[in-house]
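The structure is given below, and queries will be raised subsequently.
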Amino acid sequence: MKNENKVGAYENLAHAIVMQAVTDYRASLKMLYKPIGQRFKIEGIDAAFLKTEVKHFFESKYFSNLTSVDGEILVEKLQREAETKEFFRLIVSIIYMTYAGYQTKEVK
């Protein structure tokens, strides 16, 4: 029974480490899609540096010891996810600006 609890605890720790890396990678991508003047450091760390470090982690032997997930595929999926979100944010802002401009023209 004790060994089962240890295995479960190690699996939980491994899962938490991987999920924190995913969260950090997403945060760095989100920050890097912002205009340079609107970027800030994530917990004191430059977003580009954080992205590079987490990417190295995903490609490492340590990562492959923690999970059966392919790190390169994970990076590709997270990158596509960020690009898709940024694309939709851009479309929404264009629609909003167009609508706001339309509203302003109507009032005049």
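Among the residues in the stretch 19-35, are any of a type outside the set (Phe, Trp, Tyr), modelled with pLDDT under 90, out of contact with any Leu (no Cβ under 6 Å at 6 or more places or on another chain) and not in a helix (DSSP H, G or I)?
Looking through the stretch 19-35, at least one residue is of a type outside the set (Phe, Trp, Tyr), modelled with pLDDT under 90, out of contact with any Leu (no Cβ under 6 Å at 6 or more places or on another chain) and not in a helix (DSSP H, G or I).
Right, next: Working only within the stretch 17-38, note down all residues that are surrounded by 11 or more Cβ atoms within 10 Å (Cβ to Cβ) and either over 23 Å from Glu86 (Cβ atoms) or over 15 Å from the mean Cα position of the chain (by Cα) (or both).
Of everything in the stretch 17-38, those that are surrounded by 11 or more Cβ atoms within 10 Å (Cβ to Cβ) and either over 23 Å from Glu86 (Cβ atoms) or over 15 Å from the mean Cα position of the chain (by Cα) (or both) turn out to be Ile17, Val18.
Between a first residue in the stretch 89-102 that is in a helix (DSSP H, G or I) and surrounded by 10 or more Cβ atoms within 10 Å (Cβ to Cβ) and a second residue that is at pLDDT 80 or above and not acidic (Asp, Glu), which pairs have beta carbons less than 7 Å apart while being 6 or more apart in sequence or on different chains?
Note: no pairs meet the criteria.
Further question: Answer yes or no as to whether Tyr10 is over 15 Å from the mean Cα position of the chain (by Cα) and either under 23 Å from Gly71 (Cα atoms) or not hydroxyl-bearing (Ser, Thr, Tyr) (or both).
In short, yes.
Starting from residues that are exposed (fewer than 12 other Cβ atoms within 10 Å of the Cβ) and among the charged types (D, E, K, R), keep the ones in the stretch 46-76 and report whichever is farthest from Asn12 (Cα to Cα).
Glu76
The values are calculated or read from the model by the stated rules, or taken from the named source; none is laboratory data. Note that the structure is a prediction, hence the values are computed from the model and not measured. Here the Cβ is made from the backbone with ideal geometry for all residues, glycine too, and neighbour counts use every protein chain on show.
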